């Protein structure tokens, strides 16, 4: 093997060695993401605290949020606790547009299910109740907008189908006390 080939091989492997850091440690980004998931889980558990849980064989409105928050927290702890056996893969940061619209979709769902009155700069902004169907449809359409490769037509059709299935599942089969349809003034 020539000296030139050895130099080029060392140059190619340098980014992998640099990215690997210590073989058994965690990167700061991994710890930060794990802590963010644990924090989000704590917020979810606090938000679900006043909701009724499992009573006998019936599921209360707070059961699924508690389960999801617990799983999210466990995933965050697992992310922070695992040891590295090989070099970590470089994960690119998602575009801020994508992240922002997904966060907006989740917040829109939370507000639109039951409606809200929000104080903005000393004025009260009334957000009407759209019910489960309207909130799921709106959140799905916002998530579709985040992906530049999705088409509006398929997004609207899929959103309507998912909204209808959500109403059938949660209010029909599971009989959860959620408003299914928009409020009629």
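The values are calculated or read from the model by the stated rules, or taken from the named source; none is laboratory data. Because the structure is predicted, anything quoted here is derived from the model rather than measured. Neighbour counts run over all protein chains shown; Cβ positions are idealised from the backbone, glycine included.
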Handout entry: Condition met for residue 20 (farther than 22 Å from residue 107 by Cβ, within 30 Å of the chain's Cα centre (by Cα) and modelled with pLDDT under 70)
Key = yes
Practice task
For residue 144, state whether it is at pLDDT 90 or above and either in contact with a helix residue (DSSP H, G or I) (Cβ under 6 Å, 6 or more places away or on another chain) or surrounded by 14 or more Cβ atoms within 10 Å (Cβ to Cβ) (or both).
Solution key: no
Practice task
Please indicate, with yes or no, whether at least one residue in the stretch 139-161 is more than 29 Å from residue 52 (Cβ to Cβ), free of Cβ contacts under 8 Å to residues at least 12 places away in the same chain and touching a strand residue (DSSP E or B) at 6+ places or on another chain (Cβ under 9 Å).
Solution key: no
Exercise for the section: Report yes if some residue within the stretch 62-75 is surrounded by 13 or more Cβ atoms within 10 Å (Cβ to Cβ), modelled with pLDDT of 85 or more and not in a helix (DSSP H, G or I); otherwise report no. Expected result: no
